[in-house]
Amino acid sequence: MQEGAEEIKEIITKDVWGTIKDFLNLGFHIGEGEKAINLTIGLLLLLTVTLVATKFILKWFRNIFTRKMEQEDKQKFSSIFKFINYVIYLVAILVTLSAAGVDITLVITASAALFVGLGLALQELFKDVLGGIFIIIDKSLQVGDVVEVDGKVGKVFEIKLRTTRAITRDDKVLILPNHKFISDIVYNYTQNHRTTREKVSVGVAYGSDVDLVTTILEEVANTQKQVLKNPKPFVLFEDFGDSALIFSIYFFTNDTFRDPRIKSEMRYKINAKFKENNVSIPFPQRDIHIIQPKQ
């Protein structure tokens, strides 16, 4: 029995495994010694298995990374994972060529110089993509938010990996690079809630009935459709100006994007009410003293 086992082991070692090794070693054999290049079936099979395994691992990692995201956000990461796929495929091919005996030093050196140049040229693009990833992950910006960037106000309607698109109050599309949302000061009017506080200021002539002015401003705010009844509008006597008494009516609205139109309608009503009640809005006034030269 021991002799039979030894024979079977020898057959497996020499015949079966030897045949497999011979098959895997089939391919192109160029040169001899250290400079020999051996591109065999075994290397090609190893490369294929590596690429297939990489694809499944990245797909698994992508599912874990994006499992809590909405379908629209998941689609935005497809380009990033495709880029990672290509990088890994390139590395696997270079490693296979190196294992086959090909000197890839020149290729790596040239690639490094190329990637450095691309990195310097595309650093803004990389910043935008990173900004887009942060925005999608931490939900610091969402579709429907009203934001102010560089003095421009817009309502966000699309968030991509590189740019965010918003519609301005003039119905113009504002394209914002995503790096601005992580490096610049951005006002988000609707991040925590949809209600914002706004104000309309007006100056009245010295000597005006301040109680009447307060009543008129409150009445205008209470009759404006887009102004919320709760919290209630309120009036502040802001200051004694150079030429007028300054009042402001503060109100709350859930239509921040249209607040310039709301304020305009309120100013029309305030002006009409002031005329009805003989409350005047003064022109700027200055006292001029003329000094006559001595003769």
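In the stretch 161-192, which residue that is farther than 16 Å from residue 145 by Cβ, surrounded by 14 or more Cβ atoms within 10 Å (Cβ to Cβ) and not aliphatic (A, V, I, L, M) is modelled with the lowest pLDDT? Here the residue is 162. Among the residues of the stretch 258-286, those that are under 43 Å from the mean Cα position of the chain (by Cα) and of a type in the set (Asp, Glu) comprise 259, 265. The lone criterion from (1) surrounded by 18 or more Cβ atoms within 10 Å (Cβ to Cβ); (2) more than 18 Å from residue 198 (Cβ to Cβ) left unmet by residue 277 is number (1).
Does residue 215 satisfy being of a type in the set (Ser, Thr, Tyr), modelled with pLDDT of 85 or more and part of a helix (DSSP H, G or I)? Considered against the rule, which asks whether it is of a type in the set (Ser, Thr, Tyr), modelled with pLDDT of 85 or more and part of a helix (DSSP H, G or I), residue 215 comes out as yes.
The residues of the stretch 175-212 that are free of Cβ contacts under 8 Å to residues at least 12 places away in the same chain and either under 30 Å from residue 272 (Cα atoms) or of a type in the set (A, V, I, L, M, F, W, C) (or both), listed by number, are 185, 207, 211. Does the stretch 145-159 include one or more residues that are surrounded by fewer than 18 Cβ atoms within 10 Å (Cβ to Cβ) and farther than 30 Å from residue 246 by Cα? Yes, the stretch 145-159 contains a residue that is surrounded by fewer than 18 Cβ atoms within 10 Å (Cβ to Cβ) and farther than 30 Å from residue 246 by Cα.
The values are calculated or read from the model by the stated rules, or taken from the named source; none is laboratory data. Since the model is a prediction, treat every value here as computed from it, not as a measurement. Glycine gets a Cβ as well: all are built from the backbone with ideal geometry, and neighbour counts include every protein chain shown.
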